[in-house]
1. Any residue that is basic (Lys, Arg) and either in contact with a strand residue (DSSP E or B) (Cβ under 7 Å, 6 or more places away or on another chain) or in contact (Cβ under 8 Å) with a residue 24 or more places away in the chain (or both) - is there at least one of those in the range 216-230?
2. Among the residues of the range 112-130, is there at least one that is more than 20 Å from ARG52 (Cβ to Cβ) and either hydroxyl-bearing (Ser, Thr, Tyr) or over 17 Å from the mean Cα position of the chain (by Cα) (or both)?
3. Could you count how many residues in the range 97-130 are within 22 Å of ALA238 (Cβ to Cβ), in contact (Cβ under 8 Å) with a residue 60 or more places away in the chain and either out of contact with any helix residue (DSSP H, G or I) (no Cβ under 7 Å at 6 or more places or on another chain) or not charged (D, E, K, R) (or both)?
4. How do the pairs read when you match residues in the range 195-209 that are within 18 Å of GLN220 (Cα to Cα) with residues anywhere that are open to solvent by less than 70 Å² (accessible area, probe 1.4 Å), using Cβ under 6 Å and keeping only pairs 6 or more apart or on different chains?
5. State which residue pairs qualify: first residue more than 20 Å from TYR81 (Cα to Cα) and open to solvent by 10 Å² or more (accessible area, probe 1.4 Å) and inside the range 132-161, second residue hydroxyl-bearing (Ser, Thr, Tyr) and modelled with pLDDT under 95 in any location, beta carbons under 9 Å apart, and separation of 6 or more residues or different chains.
6. Please tell me if THR259 is of a type outside the set (A, V, I, L, M), in a strand (DSSP E or B) and touching a Leu at 6+ places or on another chain (Cβ under 6 Å).
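The values are calculated or read from the model by the stated rules, or taken from the named source; none is laboratory data. Quick caveat: nothing in here was measured; it's all calculated off a predicted structure. When we count neighbours, we look across all protein chains shown, and the Cβ atoms used for this are built from the backbone with ideal geometry, even at glycine. All accessible areas refer to the heavy atoms of the entire protein, side chains included, with ligands and DNA or RNA removed. Shrake-Rupley method; radii C 1.70, N 1.55, O 1.52, S 1.80 Å.
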Amino acid sequence: MSSPTQTASCTALRLLALLFLLAALLLLRQPLFGQPPTTKPATQTITTAPTRFSVVIEGAPRGTAPDVLLLPGLASSRDVYAAEAKLLTTHYRLHLVQLAGFAGEPEGPNATGPILSPVVEQLHQYITDNHLQPIPVIGHSMGGLLALMLAQAHPEDVSKLLIIDTLPYYGLVFNPAATVDTVRPQALAMHDQFIAMPNDQFAAAQPLYTNRLVKDPEGQRQVSASSLASDRTVFANAMLEDLSTDLRPQLATIKTPMTLLYPYESAQGPVEQVTALYTSAYATKPNLQLIRIDDSRHFIMYDQPAAFDKAVQTFLQSKP
C-alpha cells in the first residue's frame, strides 16, 4: 500500500508536469474576430473585440439555445473541447475561448505584464457586451482558475461552474502548508529555466511530460503539438502567475454552484488520499459537488470521453 507521502509525491509529479505542459490541439480553427463574415454564421453581436483571447462561436443561432462559455487551460487550444463541442452544438450555443499566446494564437498584450486578471476583466466585458449574463462556464485546469476568478470578481456573470482538474492553489503540490511566499523562489526558478530551455531540449522533453497528462496516444500528440506552438514567454509567465495565485481565502465568498471533476489512477495511491487533496483544497467552497473520473489523467476529455460527456451534459441540464 502506498504511503501518504508516496501518494502526494505521485500527485505532485502529475500536477507539476501539467504546470509545464497543459496543452491541446495545434490545428486551430480560425478565430471569430478578424475573419471574413462568411467564415462564420452571423449569430452574434460583438461591440468590443477582446485582445487577450479570441472566441469561436459554434452551435445554435443566438437566442434559440442556451449559451455556454468554455475556457481551456495553460498553453491549450480551444480544440481541447472539439469532440465535446460536436455533441453539444445541436442544443447549445458555445463560446470557445483561446488565450493569446497559446497554441499558435498571436500573443498580443499577453506578451508583457499580468495575464490572468486582465483576461478575467475582458471575459467580463465580453459577457456584458453580448448580454450573456449569467452564463454557465466550463474551465479546464488554468481555465478553471480563470472561471473561479471570474465568479469571484463578477458573480453576476456566472450561473454555474464546471471545473476540470483545477486546484485553487497549485502550490499545494509542493507542501500542504505551502503559501505563495514560500513557493515563489521555486516558481521563479522554474519560470527562468523554462524560458532558457533550448527549443530542441524542450521538444525532446515532450513525451516525458505528456504521458503524465494524458493516456490517450492521440491526445498525447495533440498536447505536445500545442505546447510547441505556444509562445514560450507567455507560457512561462502564465505558469508563474498560476503558481502565485491562491484563491483559497476567497472560496467561501464564491457562492456560484460548482461541480469539480477530478481524475484518478490507481498508480496515484489510495483513492481516499487523492480525493482528500481536492476536498481539503476546496473545504470552504459552498455549493460544491465533486465527481471522480476513474482511469484518467489530467485531460479527462481525451482519456474518458464518455464519462466526460456525461458529466458535462448533467451539469448543463442541472438547475443553478
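1. No - not one qualifying residue is present in the range 216-230.
2. Looking for residues that are more than 20 Å from ARG52 (Cβ to Cβ) and either hydroxyl-bearing (Ser, Thr, Tyr) or over 17 Å from the mean Cα position of the chain (by Cα) (or both), one finds none in the range 112-130, hence no.
3. Residues flagged as within 22 Å of ALA238 (Cβ to Cβ), in contact (Cβ under 8 Å) with a residue 60 or more places away in the chain and either out of contact with any helix residue (DSSP H, G or I) (no Cβ under 7 Å at 6 or more places or on another chain) or not charged (D, E, K, R) (or both) within the range 97-130 amount to 19.
4. Once the first residue is within 18 Å of GLN220 (Cα to Cα) and sits in the range 195-209, its partners that are open to solvent by less than 70 Å² (accessible area, probe 1.4 Å) give GLN206/SER224; TYR209/ALA17; TYR209/PHE20; TYR209/LEU21.
5. Nothing qualifies.
6. Considered against the rule, which asks whether it is of a type outside the set (A, V, I, L, M), in a strand (DSSP E or B) and touching a Leu at 6+ places or on another chain (Cβ under 6 Å), THR259 comes out as yes.
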